[in-house]
Amino acid sequence: MGAGFRVVVGGSSGSMGGGEVEADRAERVALNEVTFRRANEMIEERAEELAVTGRVPFICECGDASCLERVELSLAEYEAVREDARSFLVAPGHAITGPDLSRVIRSERRYGVVEKIGRSGEIAEARDPRSDD
């Protein structure tokens, strides 16, 4: 892992059957990430309209609904993250990993990229604002 990265590993919570709790958590986390991604798509669109050439303050796309972290990337860097519908931009230390959640696929000093897997990956693809559906 790169400097400043702490991986949060998803675990089972509650007293219900572990699989059901994990599936609900995976869906909740994925939906939070999709919401942040939509906001970043609007930020990117506006930055393009203004012909911004430097770094743009994007919102961390981690699954924590209360996260307020900003991550500054160039438009080209953000596009590299968005090449795959299952890839999400996260601030250092904000990767939430685990079964049906995600895994870190890139770790830079300023930002990281997680790949959604399992049920979370399915939700990310289905709700990608760039999909043709």
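Below are the figures for this structure:
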item: Subset tally (residues that are free of Cβ contacts under 8 Å to residues at least 40 places away in the same chain and more than 17 Å from Gly112 (Cα to Cα)) for segment 33-60; result: 15
item: Residues of segment 98-133 satisfying the condition of being over 19 Å from Thr35 (Cα atoms), in contact (Cβ under 8 Å) with a residue 60 or more places away in the chain and among the hydrophobic types (A, V, I, L, M, F, W, C); result: Val104
item: Matching residues, segment 100-126, being surrounded by fewer than 17 Cβ atoms within 10 Å (Cβ to Cβ) and either assigned to a loop (DSSP other than H, G, I, E, B) or aromatic (Phe, Trp, Tyr) (or both); result: Glu108, Arg109, Arg110
item: Elements of type strands (runs of 3 or more DSSP E) contained in segment 43-97, each with 3 or more residues being in contact with a helix residue (DSSP H, G or I) (Cβ under 9 Å, 6 or more places away or on another chain) and either crowded, with 17+ Cβ neighbours inside 10 Å or of a type in the set (D, E, K, R) (or both); result: 56-59, 87-90
item: Search result, residues across segment 53-90 that are at pLDDT below 95 and of a type in the set (Val, Ile, Thr); result: Thr53
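The values are calculated or read from the model by the stated rules, or taken from the named source; none is laboratory data. A quick note: this is a predicted structure, and the numbers were derived from the prediction, not measured. All Cβ positions, glycine included, derive from the backbone under ideal geometry; neighbour counts span all protein chains shown.
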